[in-house]
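S.K.: Here you go, one structure.
The values are calculated or read from the model by the stated rules, or taken from the named source; none is laboratory data. None of the values given here were measured: they were computed from a predicted structure. No Cβ is skipped: glycine too gets one built from the backbone with ideal geometry, and neighbour counts run over all protein chains shown. Quick note on the areas: whole protein, heavy atoms, side chains included, nothing else; ligands and nucleic acids left out. Shrake-Rupley method; radii C 1.70, N 1.55, O 1.52, S 1.80 Å.
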Amino acid sequence: MVKQVELSPDGPSVSDVIYGTWRLLDGDPRPSVADLTARFELCLELGITTLDTAEIYGLYTVESAIGEVFKANPGLRDKFQVVTKCGIDVPSSVKSHARLPHYNASSENLVACAEKSLGLLNTDHIDLLLVHRPDWLNRADDTAAGLDKLIQQGKVLHAGVSNYTCPQFELLSSRVAKPLVTNQVEISLLCMDALYDGALSQCEQLNIRPMAWSPLGGGRLFGADLESSQRIRSCMDGMKEKYNGADYDTLAFAWVMALPSRPVTIIGTNRPERIRSQAAASAIQLERQDWYALWEAAKGHSVP
Ligand code: NAP
């Protein structure tokens, strides 16, 4: 079973493998409410109790699809912690004012988006609201005012950020009334920026867990075109037996979860068998030299 952990000393409690919904509606035909219900129920069966979504997912359609599942299944919403994000505006029928993709982390926009998300998701609270991307044009005081207001009103229980640099995180932290509980950043064998830019160290210092997006490099780990992916997979072939026949995706998730900031990982697949194998990473502790062997395979050289 996937473990329950605290994202920060003040919560929220989440599963350490989370179901991500960026690609929720991919597929032809589009999955029905019954299909999505079955997927959510599989998550619960495996101990995955946290859903990660965002206003913009599916070009502003995923939140309402999740809301339809909750509406069709009374009681289901309360079995999940719901994480959503806002602050990205792209031209669409929903964002008719947007002439081009841009960010908007103003207090006014955050409050309006969160209130819209509550309606679409068919819920009276968002467990965790993240500012999706840092908005270079907004003062932190104003972003913080929006998050504070939503928390004060009980519409949002916890706030955090995504894709923030360390100074941006520090600045916003210094302005919010309730501590930020996470920074959701890209972490994988194919994207190690957060290991080098201080984002993970900052989380560890603050005793909060990062959320790792695209833990399989958005699927590039399985492609034939990247030499690094091929090296990683053949390195994994040599350690599968030691980890009870773990699949590539299980080991890739476990590699992220072994980091000392203890990231929670976000699943991106829609396939039941892959949801199962990625959830299995929650129970795996990679041995130190296996972790470094995968680092070496990813980089193509040994540690300096
Ligand atoms: P990912 O796991 O890195 O990539 C998922 C992709 O990999 C899917 O296309 C999936 O295809 C493929 N895949 C998974 N397992 C596979 C396997 N065993 N063999 C071959 N292909 C496989 O995750 P992601 O979808 O990029 O991101 C995960 C979540 O992170 C998103 O849903 C979203 O919630 C969050 N996210 C956040 C941000 C942000 O800015 N905060 C950005 C991106 C994503 P199949 O569906 O066919 O399995």
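S.K.: If you average the alpha carbon positions of the range 214-267 and of the range 88-136, how far apart do those two centres end up, in angstrom?
M.R.: 32 Å
S.K.: What angle do you read, to the nearest 10 degrees and between 0 and 90, between the alpha-carbon axis of helix 227-237 and the longest principal axis of the chain?
M.R.: The two axes meet at around 60 degrees.
S.K.: Straight distance only, please: which aspartates and glutamates reach the Cα of Lys242 with their own Cα at less than 12 Å, same-chain residues fewer than 8 apart left out?
M.R.: Here the aspartates and glutamates satisfying the reach criterion relative to Lys242 are Glu287, Asp290.
S.K.: For the chain, which cysteines have no second Cys with its Cβ under 4.7 Å from theirs?
M.R.: When partners are defined as cysteine Cβ atoms under 4.7 Å apart, the chain leaves Cys43, Cys166, Cys191, Cys203, Cys235 without one.
S.K.: Plugging the Kirkwood radius over Cα pairs into Stokes-Einstein for the chain, at a temperature of 25 °C and a viscosity of 0.890 mPa s, what D comes out in µm²/s?
M.R.: Values: Rh = 19.7 Å.
For the chosen part, D equals 124 µm²/s.
S.K.: Compute the long axis of helix 248-257 from its Cα atoms, compare it with the longest principal axis of the Cα atoms of the chain, and write down the angle in degrees, 0 to 90, nearest 10.
M.R.: That works out to roughly 60 degrees.
S.K.: Quickly rank 147-153, 171-177, 265-271, 27-33 as a protection proxy: mean count of other C-beta atoms within 10 Å, highest first.
M.R.: Numbers: 147-153: 17.7, 171-177: 16.1, 265-271: 21.3, 27-33: 11.1.
Ranked by mean Cβ neighbours within 10 Å, highest first: 265-271, 147-153, 171-177, 27-33.
S.K.: Hey, if we sort Arg220, Arg77 by accessible area with the 1.4 Å probe, largest down, what's the order?
M.R.: On the way: Arg220 105, Arg77 20 Å².
Greatest to least solvent exposure: Arg220, Arg77.
S.K.: Still on this structure, I have one more. Under 5 Å between amide hydrogens, which residues at least 5 positions from Thr269 or on another chain qualify, with H placed 1.01 Å from N in the peptide plane?
M.R.: Close amide H contacts, sequence-distant or interchain: none at all.
S.K.: Antiparallel as a % of all DSSP beta bridges within the chain, to the nearest 5?
M.R.: Numbers: 6 of 30 bridges.
Here the antiparallel bridges make up roughly 20 percent for the chain.
S.K.: Could I ask something else about it? Please compute the length gained on full extension between Gln285 and Ala177, using 0.36 nm multiplied by the number of residues separating them and subtracting their Cα-Cα distance. Walk me through the numbers on the way to the answer.
M.R.: Numbers: separation 108, 0.36 × 108 = 38.88 nm, distance 3.61 nm.
Additional length available on full extension: 35.3 nm.
S.K.: Sticking with this one: Any chance you could look up the accessible area of His125 with a 1.4 Å probe, heavy atoms only, rounded to 10 Å²?
M.R.: Looks like 40 Å² after rounding.
S.K.: Would you kindly find the accessible area of Thr49, with a 1.4 Å probe and non-protein molecules such as ligands, DNA and RNA excluded, rounding to the nearest 10 Å²?
M.R.: Answer for Thr49: close to 20 Å² accessible.
S.K.: Another one. On C-alpha positions alone, give me the angle between the axis of helix 62-72 and the longest principal axis of the chain, in degrees, nearest 10.
M.R.: With rounding to tens, the tilt is 80 degrees.
S.K.: Can I ask one more? By per-residue mean of other Cβ atoms within 10 Å, what is the highest-first order of 283-292, 36-45? Provide the component values of the computation, followed by the final result.
M.R.: Values: 283-292: 14.3, 36-45: 17.2.
Descending mean neighbour count gives 36-45, 283-292.
S.K.: Considering only protein heavy atoms and a 1.4 Å probe, what is the carbon-and-sulfur percentage of the accessible area of the range 11-181? Present the calculation step by step, with values, prior to reporting the outcome.
M.R.: Details: 3850 of 7190 Å².
With neighbouring chains kept in place, the figure for the range 11-181 is 54 percent.
S.K.: Next question, about the same structure. Would you mind getting the accessible area per residue of the chain, heavy atoms of the protein chains only, 1.4 Å probe, in Å²?
M.R.: Numbers: 13530 Å² over 304 residues.
It amounts to 44 Å² per residue over the chain.
S.K.: Which entries in the list Lys95/Lys299; Lys71/Lys95; Lys85/Lys240; Lys3/Lys71; Lys79/Lys299 go over 32 Å, if you measure between the two C-alpha atoms of each? List each step's numbers first, then the result.
M.R.: On the way: Lys95/Lys299 41 Å; Lys71/Lys95 25 Å; Lys85/Lys240 36 Å; Lys3/Lys71 27 Å; Lys79/Lys299 40 Å.
Violating the 32 Å Cα-Cα cut-off are Lys95/Lys299; Lys85/Lys240; Lys79/Lys299.
S.K.: Need one value: the accessible area of Lys71 in square angstrom, 1.4 angstrom probe, rounded to the nearest 10.
M.R.: Accessible area, nearest 10 Å²: 150 Å².
S.K.: Taking the dipole about the Cα centre of the range 174-222, with the C-beta of Lys and Arg at +1 and of Asp and Glu at -1, give me whichever of Met192, Val181, Gly219 is farthest to the positive side.
M.R.: Working it through, the farthest residue towards the positive pole turns out to be Val181.
S.K.: Still on this model: Contour minus end-to-end for Lys116 and Gln153, with contour as 0.36 nm per residue of separation and end-to-end as the Cα-Cα distance?
M.R.: Values: separation 37, 0.36 × 37 = 13.32 nm, distance 1.47 nm.
Net length gain for the segment: 11.8 nm.
S.K.: Report for the range 11-181 the percent antiparallel among DSSP-assigned beta bridges with both residues inside it, nearest 5.
M.R.: In the range 11-181, DSSP labels about 10 percent of beta bridges as antiparallel.
S.K.: Can you list residues from other chains, or at least 5 along the same chain, whose modelled amide H is less than 5 Å from the amide H of Gln81?
M.R.: Here Thr50, Leu51 satisfy the definition.
S.K.: Another question about this same structure. When the accessible area of the range 223-283 is split by element with a 1.4 Å probe, what percent falls to carbon and sulfur? Mind showing how you got there, number by number?
M.R.: On the way: 1260 of 2710 Å².
Taking all protein chains in place, the range 223-283 shows 46 percent carbon and sulfur surface.
S.K.: Moving on. Sort the range 55-152 into rounded, prolate or oblate with this rule: let a ≥ b ≥ c be the square roots of the eigenvalues of the Cα gyration tensor; rounded if a/c is under 1.5, and if a/c is not under 1.5, prolate when a/b is larger than b/c, oblate otherwise. Don't skip to the end; give the middle numbers.
M.R.: Numbers: a/c = 2.62, a/b = 1.40, b/c = 1.87.
Note, shape of the range 55-152 comes out oblate.
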